2 protein chains.
Amino acid sequence: MVSNRSLVLLQEPTGMPQVGKDIDYRTSDIDIESAPSNGLILKTVAIAIDPTLRNTMRLSNPKPYAPLYKKGEAMWGYGLSEVVVSGNAGWKKGDILMTPLTKMSTYWRLEEGELNGPSKAGYKKIDPLPDLNVTTYLGALGMPGMTAYMSIKDIIGDFKPNSKLFVTSGAGFVGSLVCQIAKQAGVKVIASAGSEDKVAFLREKLGVDKAFNYKTADIDAELASFGGEEGIDYLYDNVGGKQLNSFLAHSAVHGVVVVCGAISAYNASKDQPAEVISNFPMAVLGRQLTVRGFIVASLYPRWEDSFWKEMPKMVQDGKLKSQEDVRVGMDALAGSFEDLLTGKHQGKLIVLVDEEQKGRWIQRNPDGFA
Amino acid sequence: MVSNRSLVLLQEPTGMPQVGKDIDYRTSDIDIESAPSNGLILKTVAIAIDPTLRNTMRLSNPKPYAPLYKKGEAMWGYGLSEVVVSGNAGWKKGDILMTPLTKMSTYWRLEEGELNGPSKAGYKKIDPLPDLNVTTYLGALGMPGMTAYMSIKDIIGDFKPNSKLFVTSGAGFVGSLVCQIAKQAGVKVIASAGSEDKVAFLREKLGVDKAFNYKTADIDAELASFGGEEGIDYLYDNVGGKQLNSFLAHSAVHGVVVVCGAISAYNASKDQPAEVISNFPMAVLGRQLTVRGFIVASLYPRWEDSFWKEMPKMVQDGKLKSQEDVRVGMDALAGSFEDLLTGKHQGKLIVLVDEEQKGRWIQRNPDGFA
């Protein structure tokens, strides 16, 4: 038995989760000598702190999309762990496990029922390249990277020659990967963001062909001039609302819309309804559009091989950049929620839990745009 | 030279086209002995009178979707003609030509430039089965049948086992074919219509599992109860508006929407805006939906063979019924526009122009539901 430290949910928070009241650390004993039958003992390496984790705290939600945390137990997130002891023939000591159910604990145990049961698809073995930081596997080579890559592959397919793409929230983590993947395929890209700084980032660091501030620009005029006579072939949409509506009016025949997010509608209420989409479904009919929503888990089985073949190389070659905000140590976990929800972070927020072996996991400067 | 009678556009109508003022018959001479070099001399057999033809009369439309009629010249429509003299190696006397540019004339000439030029895809040779009325090739085996069949094949694919489909305007010509194709594939079908008579027709003649009057029913309640826990897998939509919006709220995960029409939005104006679609794009995102618009000409190349292999047999076997309103003779053409636009017809309105050979073209009772 060794001592195991965990970040635990104490109760459902109202508003911002308060450390000491809603979430806090607890210590318990854990057996890290003998693995569960056909299961694993794991050491948590790193966890991505995502906005969706806040939903996982809504214990009173009657129809949650994903499993909710349990009161008094360790929370979890999309993360990486190292196998300490394996009781399973498919895994050995030192293997790296990627799962959205990575425990916010120093150590954790994975039972046979989970590893071989109906949700086994959620547990992936990955093989991090030694010259990349392990945190990259929670960013450009993790779920956000899979989101960008696999949705393009599955919904758009190969970009048509000389085609044009509009990316909303282009300076966001997924959006910026989409812009870079498209630019490398020779696509002309227009992207939007909500501040002048981000617009400058899109132009100067991501090299998109055109960028605008959707809060101040004339969206219709921007898309009309970018699309020209033929219109814009693709929309990669994280926002919805006016920008989606405007794309529908300026899309090319046989245009494709990837619905990745709808930020503008997430907080819609009776008092503040979502922006009206007036060009649907007439534009879909008149221009023979395809519009598709997705979650990355549905695309993973089809695109897994091709993702691991193409994307790590692009990161290694410096062709696919991204910005990570890496915090170190178990202690950094609790405070990261407030920073995430108040926007006090630069890029993807990741906590490297395994502080002891920092030098092993982080070998080079973060992969930023500086 | 023989005398050739044509229905001619005299001027762009305002409102209902007036016979004698906007459209009228004219007679001229035509050479039906020597075909144009590499072209054809044709005798018009039958023409479908479609609402889109009214748009073809809008000579002042600056950006028409399709070629417009010319003042003083014969109008055209989707129809069938018989080759009288062929100057083209690909065609012989007696062949049947199907084209949306069938002239409203007794005879007409097709030049080489048209038959072999860029728009040659619009001229199809068909091989009508001797035991079917030729008019069927403008209905269940014509453009409406292709619309139903090819859009299902291309956008939905094979129906999933035990799946559920919602068809709006299910008693319309295309909608009723969609209902029948789906029922034969074992799909559970709910369909809507705008009158009690049509709802009865859906239930009693088409055998759908559930039918409702969208003007009086609680659409949400109908779709919720039909979809149950899993939701409805497919929407075949001719209407848009509230019904589309409600489907988005009651669709299954990975649901598919075929956007075939948007009747509810066609006459939208500033004063009377189209019904708001509030569930787009959130439902597309949350349920991973695919939404696609199409025109049948885009699908034809891919599905042509399979259409001719499957559909004529279904009609012959009485598994695919449809209602045609067949008028006979060149004289019936002019008046048919008013009947079409005022709804004075039962089923697909078709004029059999070639009255002389009526017995050859119409061999059995119209293929109705009686």
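The figures follow:
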item: Residues B:VAL167, A:VAL259, A:VAL8, A:VAL276 arranged by fewest to most Cβ contacts within 10 Å; result: A:VAL276, A:VAL8, A:VAL259, B:VAL167
item: Positive dipole terminus of segment A:1-155, leading residue within A:ALA140, A:TYR69, A:ILE126 (C-beta point charges); result: A:TYR69
item: Low-density loop positions, chymotrypsin sites (Phe, Trp or Tyr not before Pro), segment A:39-134 - DSSP coil, at most 16 other Cβ in 10 Å; result: A:TYR65
item: Nonlocal amide H pairs with B:ASP325, under 5 Å, H built at 1.01 Å; result: B:LYS348, B:LEU349, B:ILE350
item: Helix B:173-184 axis, angle to chain B major axis (alpha carbon atoms, nearest 10°); result: 60 degrees
item: Nearest-first distances (nm) between copies at B:PRO161, label 7 Å from Cα via Cβ; result: 4.5
item: Protection proxy ranking, peptides A:131-137, B:339-345, B:22-28, average beta carbon neighbours within 10 Å, highest first; result: A:131-137, B:22-28, B:339-345
item: Karplus-derived HN-Hα couplings along segment B:103-113 (A = 6.51, B = -1.76, C = 1.60, θ = phi - 60°), whole Hz, x at Gly and Pro; result: 6, 7, 9, 4, 10, 8, 10, 10, 7, 3, x
item: Peptide A:259-265 - average C-beta neighbours from other chains (10 Å radius); result: 4
item: Axis-nearest residue in chain B [Cβ, rotation onto A], distance in whole Å; result: B:VAL291, 2
item: DSSP-defined beta bridges in the protein assembly as shown - what % are antiparallel, rounded to 5; result: 55 percent
item: Per-residue average of Cβ from other chains inside 10 Å of A:291-303; result: 4
item: From phi via Karplus (6.51, -1.76, 1.60), per-residue ³J(HN,Hα) for segment B:16-23 in Hz, x at Gly/Pro; result: 5, x, 9, 6, x, 10, 9, 9
item: Relative contact order, percent, chain A [alpha-carbon distance under 8 Å, six or more residues apart]; result: 17 percent
item: Fluctuation leader among A:ASP158, A:ASP209, A:ASP271 - chain A, Gaussian network, Cα springs under 10 angstrom; result: A:ASP271
item: Phi-based couplings in Hz for segment A:282-294 (Karplus 6.51, -1.76, 1.60; Gly and Pro marked x); result: 4, 5, 4, 5, x, 10, 6, 7, 10, 10, 9, x, 7
item: Distant-in-sequence amide H partners of B:LEU235 (H built 1.01 Å from N, under 5 Å); result: B:PHE166, B:VAL256, B:VAL257, B:VAL258
item: Violating pairs (Cα-Cα greater than 19 angstrom) within the set B:LYS183/B:LYS321; B:LYS321/B:LYS358; A:LYS215/A:LYS270; result: B:LYS321/B:LYS358; A:LYS215/A:LYS270
item: 5 Å-binned pair-distance histogram of segment B:143-296 (Cα, whole percent); result: 2, 10, 20, 25, 22, 14, 5, 1, 0
item: Residue order, fewest to most beta carbons within 10 Å, for B:ASP305, B:ASP154; result: B:ASP305, B:ASP154
item: Using a 7 Å Cα-to-Cβ projection, B:THR14 label spacings across copies, nm, ascending; result: 6.6
item: Cross-link partners of A:LYS124 among aspartates and glutamates (Cα-Cα below 14 Å; sequence separation of 8 or more within a chain); result: A:GLU82, A:ASP95, A:GLU114, A:GLU304, A:ASP305
item: Label point 7 Å beyond Cα along the C-beta direction, distances from A:GLU355 to other copies (nm, shortest first); result: 9.8
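The numbers here are math on the coordinates, done by the rules we state, and not lab data. Quick caveat: nothing in here was measured; it's all calculated off a predicted structure. Methodologically, a virtual Cβ is constructed for each residue, glycine included, from the backbone with ideal geometry; neighbour enumeration extends over all protein chains shown.
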